[in-house]
Amino acid sequence: MLFIANWKMNPTSLKQAQKLNKNIKDKLKKINKEKKAKVIICPPTIFLSKLFQKNKLIQYGVQNICFEERGAYTGEISVLMAKDQGANYSIIGHSERKQIAGEDNYTISQKVNLCLANNIKPILCVGENLQEKNHAKTGLVIREQLQIALKNVKINDIEKIIIAYEPVWAISSQDNARPGTPDSILGASIIIRKELLNLYNHDVATNIPVIYGGSVSKDNVLDYSGNSNLNGFLIGSASLNAFDFSQIIEKYIQSAQKQT
Ligand code: 13P
């Protein structure tokens with residue numbers, strides 16, 4: 001099971017970031033002895049090299065990369081820099097990037113390919129906004145996002161990708177956000193796997209990790225435990241609290257153990 005922390009633009013000092021990282025690591029030592037959970041932290045890139053330490057408990061990623069590998073792109077971070085500083089993953093196409101920086105599906109496709117070419121695993125975000133949901137366009141939107149983002153991804157590379165279903169309306173920073181219902185997440189994970197079948201084959205559709213993000217908390221994580229299409233979570237605000245984040249992990253792996 002994957003538990004990916006997206007710290008977004010938090011915390012605001014290196015000291016706090018180091019403390020949070022250490023607290024999470026200490027908790028994982030106790031609750032993840034059997035390595036049932038794979039934990040990836042995506043801190044602000046500026047802190048990455050100070051947090052990164054090769055270890056068995058946590059891997060690291062960035063929250064975004066530039067659409068070009070090098071050049072005159074003021075304020076951007078290259079995939080080469082991310083790799084050099086210890087990232088093995090990058091979130092790509094987060095809805096906040098779409099809103100803030102106007103990223104479209106074509107830019108996202110470029111970034112996915114840059115990651116793959118540089119041995120960084122993309123955590124590709126897909127998901128509809130509230131208006132699209134209200135117009136029953138969830139399937140249409142997800143299929144289009146996948147078709148464009150994965151257009152140039154060859155079958156040999158597709159297994160390196162993680163797909164994160166993040167409906168915009170469920171993200172805690174949105175007004176009136178509410179977590180996706182287990183049924184809606186099940187429905188979306190089926191749509192994603194069907195589209196992977198359409199674009200690739202049965203093995204790909206079955207084996208690619210599909211995770212959910214949107215107001216996941218220690219109090220609601222078990223609501224999703226019956227969904228065998230789901231391979232983990234992309235966690236925002238709850239990942240900024242080591243206790244809450246570790247509770248999410250502990251509760252979920254314990255419940256998965258009971259089911260087997
Ligand atoms: P929240 O968990 O705060 O809703 O954030 C979800 C998210 O955007 C993770 O990428």
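What number of residues within segment 203-243 are assigned to a helix (DSSP H, G or I) and surrounded by fewer than 16 Cβ atoms within 10 Å (Cβ to Cβ)?
Here is the first cut: in segment 203-243, the ones assigned to a helix (DSSP H, G or I) are 203-207, 221-224, 237-240, 242-243.
If we keep only those that are surrounded by fewer than 16 Cβ atoms within 10 Å (Cβ to Cβ) too, we end up with 203, 206-207, 222-223, 243.
Residues in segment 203-243 being assigned to a helix (DSSP H, G or I) and surrounded by fewer than 16 Cβ atoms within 10 Å (Cβ to Cβ): 6 in total.
Would you confirm, using the coordinates I've provided, whether Ser95 is of a type in the set (S, T, N, Q) and within 16 Å of Ile46 (Cβ to Cβ)? Don't jump to the end; show me each part of the working.
Working: of a type in the set (S, T, N, Q): yes; within 16 Å of Ile46 (Cβ to Cβ): no.
Here the answer is no, as Ser95 does not meet what is asked.
Check Ser225, Ser239 and return the single one that is within 16 Å of the ligand (Cβ to nearest atom) and either over 21 Å from Glu144 (Cβ atoms) or among the hydroxyl-bearing types (Ser, Thr, Tyr) (or both).
Details: Ser225 fails: within 16 Å of the ligand (Cβ to nearest atom).
Result: Ser239 is the single residue among Ser225, Ser239 that is within 16 Å of the ligand (Cβ to nearest atom) and either over 21 Å from Glu144 (Cβ atoms) or among the hydroxyl-bearing types (Ser, Thr, Tyr) (or both).
crowded, with 20+ Cβ neighbours inside 10 Å and among the aliphatic types (A, V, I, L, M), is that true of Val168? Can you show your working first?
Working: crowded, with 20+ Cβ neighbours inside 10 Å: yes; among the aliphatic types (A, V, I, L, M): yes.
So Val168 fits the description; yes.
Does segment 80-90 contain at least one residue that is more than 21 Å from Phe47 (Cβ to Cβ), more than 16 Å from the ligand (Cβ to nearest atom) and in contact with a Lys or Arg (Cβ under 8 Å, 6 or more places away or on another chain)?
Kept after step one, since they are more than 21 Å from Phe47 (Cβ to Cβ), are these residues of segment 80-90: none.
Taking every residue of segment 80-90 in turn, none turns out to be more than 21 Å from Phe47 (Cβ to Cβ), more than 16 Å from the ligand (Cβ to nearest atom) and in contact with a Lys or Arg (Cβ under 8 Å, 6 or more places away or on another chain).
Looking at segment 191-199, can you tell me whether even one residue there is in a helix (DSSP H, G or I), crowded, with 16+ Cβ neighbours inside 10 Å and either within 15 Å of the ligand (Cβ to nearest atom) or over 18 Å from the mean Cα position of the chain (by Cα) (or both)?
Initially, segment 191-199 is screened for residues in a helix (DSSP H, G or I), giving 191-199.
From what is left, the residues that are crowded, with 16+ Cβ neighbours inside 10 Å are 191-193, 195-196, 199.
Of the ones still in play, those that are also either within 15 Å of the ligand (Cβ to nearest atom) or over 18 Å from the mean Cα position of the chain (by Cα) (or both) are 195, 199.
Yes: segment 191-199 contains one or more residues that are in a helix (DSSP H, G or I), crowded, with 16+ Cβ neighbours inside 10 Å and either within 15 Å of the ligand (Cβ to nearest atom) or over 18 Å from the mean Cα position of the chain (by Cα) (or both).
For segment 229-260, what are the residues that are within 19 Å of Gly180 (Cα to Cα), small (Gly, Ala, Ser) and touching a helix residue (DSSP H, G or I) at 6+ places or on another chain (Cβ under 9 Å)?
Gly232, Ser237, Ala238, Ser239
Kindly indicate whether Lys133 is out of contact with any strand residue (DSSP E or B) (no Cβ under 9 Å at 6 or more places or on another chain) and either of a type in the set (Phe, Trp, Tyr) or touching a residue at least 12 places away in the same chain (Cβ under 8 Å) (or both). Steps first, answer last, please.
Details: out of contact with any strand residue (DSSP E or B) (no Cβ under 9 Å at 6 or more places or on another chain): yes; either of a type in the set (Phe, Trp, Tyr) or touching a residue at least 12 places away in the same chain (Cβ under 8 Å) (or both): yes.
Yes; evaluated as a whole, the condition is true for this residue.
Considering (1) within 16 Å of the ligand (Cβ to nearest atom); (2) over 16 Å from the mean Cα position of the chain (by Cα); (3) not small (Gly, Ala, Ser), say which one Ile211 fails and leave the rest.
Every listed condition holds for Ile211 apart from (2).
Being without any contact (Cβ under 8 Å) to a residue 12 or more places away in the chain and within 16 Å of the ligand (Cβ to nearest atom) is true for just one of Asn156, Asn176. Which residue is that? Break it down into steps so the answer makes sense when it comes.
On the way: Asn156 fails: within 16 Å of the ligand (Cβ to nearest atom).
Result: Asn176 is the single residue among Asn156, Asn176 that is without any contact (Cβ under 8 Å) to a residue 12 or more places away in the chain and within 16 Å of the ligand (Cβ to nearest atom).
Rundown of residues vs (1) polar (S, T, N, Q); (2) surrounded by 14 or more Cβ atoms within 10 Å (Cβ to Cβ); (3) modelled with pLDDT under 95, yes/no style:
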{"site": "Asn10", "(1), (2), (3)": "yes, yes, no"}
{"site": "Asp26", "(1), (2), (3)": "no, no, no"}
{"site": "Gly61", "(1), (2), (3)": "no, yes, no"}
{"site": "Lys83", "(1), (2), (3)": "no, yes, no"}
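Kindly list, by first and then second residue, each pair from a residue in segment 82-103 that is touching a residue at least 40 places away in the same chain (Cβ under 8 Å) and over 15 Å from Ile148 (Cβ atoms) to a residue that is within 16 Å of the ligand (Cβ to nearest atom) and assigned to a helix (DSSP H, G or I), limited to pairs with Cβ atoms under 7 Å and residues at least 6 apart or on different chains.
So the pair list comes out as Ser95/Val168.
The values are calculated or read from the model by the stated rules, or taken from the named source; none is laboratory data. Bear in mind the structure is a predicted one, so any value in this text is a computation, not a measurement. Because the Cβ atoms are built from the backbone with ideal geometry, glycine has one as well, and the counts that use them run over all protein chains shown.
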